[in-house]
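For reference, the structure discussed in these notes is given below.
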């Protein structure tokens, strides 16, 4: 399992990732505080680091500590690992990293869709409309 980027954790903890990031941050909180088996050493692994990052969301060292403990917990708990892997997949779709977008349209007349932005995915043009199934 890949470690979680401390930068991604800081971005979500600070709210800089917008509503989608807030929802992912909430989901991670629920995952960490979930109900592992009674008496399991993984029962509290990550909770202190999560609370610590919540208290100082810009602290990259706290984010790194959370990332490390989540990785260790995933190695010990297959259910947690599956949940964390799903969370990571969703988090990767949130951002592709830093970058810049410059949108320029020069001359002519645009008669079709024009998208201006960054990190588009799963967009289709000129495809037949889906017919409702009754």
| remark: So, with points 7 Å from each Cα along the Cβ direction, the residue 47-residue 20 label distance in nm works out to 3.2 nm
| request: Rank-order 8-17, 80-89 by packing density, defined as the average count of other C-beta atoms within 10 Å over each peptide's residues, highest first. | output: 8-17, 80-89
| task | Return the FRET efficiency for the residue pair residue 56, residue 30: r is the Cβ-Cβ distance, R0 is 35 Å, and the value is rounded to the nearest 0.05. | result | 0.95
| field | Taking 79, 114 and counting other C-beta atoms within 10 Å, the order from fewest to most | value | 114, 79
| task | For residue 68 and residue 82, compute 0.36 nm times the residue count separating them, minus their Cα-Cα distance, and round to one decimal in nm. | result | 3.4 nm
| field | Inter-label distance for residue 75 and residue 2, nm, one decimal - labels placed 7 Å from Cα along Cα-to-Cβ | value | 1.9 nm
| message | Given bins 10 angstrom wide, list per bin the percent of all Cα-Cα distances in the range 6-94, short to long. | response | 18, 54, 26, 2
| Cβ crowding within 10 Å averaged over residues, with 48-59, 66-77 ranked highest first | 66-77, 48-59
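Subtract the Cα-Cα distance of residue 92 and residue 111 from 0.36 nm times their separation in residues, and report this length gain in nm to one decimal.
Using 0.36 nm per residue and subtracting the Cα-Cα distance, I get 3.5 nm.
Read the figures in this text as sums done on the coordinates, not as results from a lab. A quick note: this is a predicted structure, and the numbers were derived from the prediction, not measured. Note: ideal-geometry Cβ built from the backbone for every residue, glycine included; neighbour counts use all protein chains shown.
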